[in-house]
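The values are calculated or read from the model by the stated rules, or taken from the named source; none is laboratory data. In this text, all values refer to a predicted model and were calculated from it rather than measured experimentally. Here the Cβ is made from the backbone with ideal geometry for all residues, glycine too, and neighbour counts use every protein chain on show. These area figures cover heavy atoms from the full protein model, side chains too; ligands, DNA and RNA do not enter into them. Shrake-Rupley method; radii C 1.70, N 1.55, O 1.52, S 1.80 Å.
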Amino acid sequence: MTLTLPTLVAALGLALQDVATLRVHPLDDALLPQAQVLAHALGRLGVEGVEVVETGLEGEEPGEGEGVVPSRAAGVRLELDAALPAEGYRVLSESGDITVTAADTAGAAHAVADLVRRVILGEGTASWEDARWEERPDFPYRSFMVDMGRNPHSPATLRHVVDMVWFHRGNYLQLHLTDDQLFSWPSAAYPELQSPHAGWSLQDFQALEAYSQARGVTLVPELEVPGHSSLLRSRRPDVFGTTTLELATSPQALAGVQTLLAEMLGVFQATPYVHIGADEVGGVPQEDQRAFINRLNAFLRDRGRTTVVWEGPGIGEGENKVSEDVVQMAWESRYVPMPAMVEAGYQVVNAAWDPFYVVDHYPRNNFTGVPVDELYAVDLRRMKNVDPGLPSFHRPQLLESTEGVLGFCMPYWEGREQNLLPLCVARYGAAAARAWDYDSQIPYSEFAAREAELLPRLEAISGFELPELPMAAAEDEVGNLAFRARVTPSRGQHQPHFVPQRLTNGITDQFDLFLGYPAKPEPLVIDLELREVAEVSRVRVHEISVGSSWERYRLLASSDGEHFVEVGSTSEGDRGDAHFVEHRFERQLVRVLRIETSGCERFTFPSFSRLTEVEAFAD
């Protein structure tokens, strides 16, 4: 007879203390949520028998005593040490046991994310290499923003976003709750304000607040006023007025806005920040805009919160200067230059279009987003736009140092929820890594390879799966010599989701595109290497087409990849009503097709190329 441990324990009349492979023991009650997050994450990764010790947080180990078999499980101990820097933590891994010492619960959440990223997974087991390391972020504001004022985003999607921020050790998630198209806040005082299809209850937001806090992510509510407020005013003009000027200057409207802010503070209790919008305000003199900001700032300051605004009205001076304790979120670089903000004494958050903005332009799908490698190397002193019509596209503004820069915000504007994760997971991960360790010497190639290895862990823990590159059936592409050709752009190789290979996947859909950036001031060069040298006499180049938009490019061909001849080009009006331009030329041997594009003209931000497919034929 073979005696297993349970059999032996039973035979001796003892109690089996635990059959866990890993025990997570928070030594402070405040760390119980982080312990539970670690146990949940490891369980989703296939680790069996993870147990959170919820009793005996102080004093003797639970279960110690006569007649009990001591634990055989490895352990993770979580403890607090206020002497560590904010959000910082220290990890000691030794002989299968882990001790995490964190400055605060946020630091503990970051440590948990770090452990999940570093864990060595076995057959139902988890282990870590023996090591000691200590971490702290270089910038205290590492934020993502979801626009809930244009398209609905469900509680399930927002939990995925929280997981994304947590996994990359970010710490803020801004909720743009209101705008001209959608009002997502379920106000108790003014219930008619909420859009019927918003999809959120007060309980949903309360649950998201708890979910976020356990993961070290603080929700920052945004009530957009006095601009972007047409729903607010149209649904309750008796309170908020009928014009932006009334909203900004009426005592009754001010009281209504304060009521909404107070409701939000009742739910988002952990946040030190509240965003009040304050940008792109038409019909309100700047003096009144600044006075409105200062009145709301005083209201929030009295409640222990810091006000955040988008770059909006001029700073002002004297009594009409925007209060210097208001945090400025720099984004456009033309209303108030970021250097002027810092010089005037403000703390700033860098939310520059290049590289942070990700825009799925409302109401149609038309995308703006900078490649991931630029985010990984971002200079937080820099303010740059993607619009060639603005000076900062050609001559970015640059601070002398990062002093006064709190960090960054990556806004996902106007988007549909199904596009959020595919467009933003890699981007946010790169930006968060940069802001966490600003002086990292890890090259992008190594970073990207590691992130690709870790992505399945995030997907498994959160319960989503990023879509794979779609591909047409080979039998449908007979005769298309460019099908599955290798695509190599001179820039933008690391554009997520709208990757270069979409140009030869056989799908001509308007939004199956390669989002190439930048295509100005120098042309973006895109090489398509055919699978073998072939005779070609016709090339069809598909593009996003809206109204009179057109892609400006030259088409070249080469039989050896070194010597090219021009076989086509475009000018305004060439595509007519079609979604493509067809180029015919004398039949010749082709190994590589090259497109030198200067972007999509007469469309939002012509610094982007928006080609969708390239087909080649031998007629």
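Looking at L375, is it open to solvent by 40 Å² or more (accessible area, probe 1.4 Å), at negative phi and under 28 Å from the mean Cα position of the chain (by Cα)? Walk me through how you get there before you give the answer.
Details: open to solvent by 40 Å² or more (accessible area, probe 1.4 Å): no; at negative phi: yes; under 28 Å from the mean Cα position of the chain (by Cα): yes.
In short, no.
In this structure, is R142 open to solvent by less than 30 Å² (accessible area, probe 1.4 Å), at pLDDT 95 or above and not in a helix (DSSP H, G or I)?
Values: open to solvent by less than 30 Å² (accessible area, probe 1.4 Å): yes; at pLDDT 95 or above: yes; not in a helix (DSSP H, G or I): yes.
It is true that R142 is open to solvent by less than 30 Å² (accessible area, probe 1.4 Å), at pLDDT 95 or above and not in a helix (DSSP H, G or I).
State which residue pairs qualify: first residue under 20 Å from G282 (Cβ atoms) and inside the range 314-335, second residue charged (D, E, K, R) and exposed (fewer than 14 other Cβ atoms within 10 Å of the Cβ) in any location, beta carbons under 7 Å apart, and separation of 6 or more residues or different chains.
N320/E287
Filter the range 25-75 down to the residues that are charged (D, E, K, R) and at pLDDT 95 or above and list them by number.
Step one: of the range 25-75, the residues charged (D, E, K, R) are 28-29, 44, 48, 51, 54, 58, 60-61, 64, 66, 72.
Within the range 25-75, D28, D29, R44, E48, E51 qualify.
For the range 242-271, which residues satisfy the criterion of being surrounded by fewer than 16 Cβ atoms within 10 Å (Cβ to Cβ) and in contact (Cβ under 8 Å) with a residue 60 or more places away in the chain?
Of everything in the range 242-271, those that are surrounded by fewer than 16 Cβ atoms within 10 Å (Cβ to Cβ) and in contact (Cβ under 8 Å) with a residue 60 or more places away in the chain turn out to be T259, Q269, A270.
Do we find a residue being more than 24 Å from P456 (Cα to Cα) and either among the basic types (K, R) or at pLDDT below 95 (or both) anywhere in the range 76-86? Please lay out each step first, then the result.
Restricting attention to the range 76-86, the residues satisfying the condition of being more than 24 Å from P456 (Cα to Cα) are 77-86.
Applying the additional criterion that residues be either among the basic types (K, R) or at pLDDT below 95 (or both) yields 77.
Yes, that holds for at least one residue.
To keep it simple, each residue is scored yes or no on (1) touching a Phe, Trp or Tyr at 6+ places or on another chain (Cβ under 7 Å); (2) over 16 Å from E324 (Cα atoms); (3) at pLDDT 95 or above.
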{"position": "L232", "(1), (2), (3)": "yes, yes, yes"}
{"position": "P237", "(1), (2), (3)": "no, yes, yes"}
{"position": "L245", "(1), (2), (3)": "no, yes, yes"}
{"position": "G256", "(1), (2), (3)": "yes, yes, yes"}
{"position": "Q289", "(1), (2), (3)": "no, no, yes"}
{"position": "D302", "(1), (2), (3)": "no, no, yes"}
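Looking only at the range 501-534, count how many residues are open to solvent by 30 Å² or more (accessible area, probe 1.4 Å) and assigned to a loop (DSSP other than H, G, I, E, B). Give the steps one after another, and end with the answer.
Keep residues of the range 501-534 that are open to solvent by 30 Å² or more (accessible area, probe 1.4 Å), which gives 501, 507-511, 520-523, 525, 527, 529, 531-533.
From what's left, assigned to a loop (DSSP other than H, G, I, E, B): 507-511, 520-523.
Within the range 501-534, residues that are open to solvent by 30 Å² or more (accessible area, probe 1.4 Å) and assigned to a loop (DSSP other than H, G, I, E, B) number 9.
Considering only the range 188-208, how many residues are touching a helix residue (DSSP H, G or I) at 6+ places or on another chain (Cβ under 6 Å), open to solvent by 10 Å² or more (accessible area, probe 1.4 Å) and not aliphatic (A, V, I, L, M)?
So the count comes out to 3.
Check W550 against each of (1) farther than 22 Å from V567 by Cα; (2) free of Cβ contacts under 8 Å to residues at least 60 places away in the same chain; (3) surrounded by 19 or more Cβ atoms within 10 Å (Cβ to Cβ) and name the one condition it does not meet.
For W550, the exception is condition (1).
Name the one entry in V274, V281, V342 that is assigned to a helix (DSSP H, G or I), of a type outside the set (S, T, Y), under 27 Å from the mean Cα position of the chain (by Cα) and crowded, with 21+ Cβ neighbours inside 10 Å. Outline the logic, then answer.
Values: V274 fails: assigned to a helix (DSSP H, G or I); V281 fails: assigned to a helix (DSSP H, G or I).
Matching residue, one of V274, V281, V342: V342.
Can you find, within the range 146-155, the residue that is surrounded by the fewest Cβ atoms within 10 Å (Cβ to Cβ) among those that are touching a helix residue (DSSP H, G or I) at 6+ places or on another chain (Cβ under 7 Å) and not in a loop (DSSP other than H, G, I, E, B)?
The extreme case among them is P155.
Is it the case that the range 173-182 has a residue that's over 23 Å from R305 (Cα atoms), surrounded by fewer than 19 Cβ atoms within 10 Å (Cβ to Cβ) and not acidic (D, E)? Outline the logic, then answer.
Of the residues in the range 173-182, the ones over 23 Å from R305 (Cα atoms) are 180-182.
The next check asks that each one be surrounded by fewer than 19 Cβ atoms within 10 Å (Cβ to Cβ); those that pass are 180-181.
Then drop every residue that is not not acidic (D, E), which leaves 181.
Checked against the condition, which is being over 23 Å from R305 (Cα atoms), surrounded by fewer than 19 Cβ atoms within 10 Å (Cβ to Cβ) and not acidic (D, E), the range 173-182 yields at least one hit.
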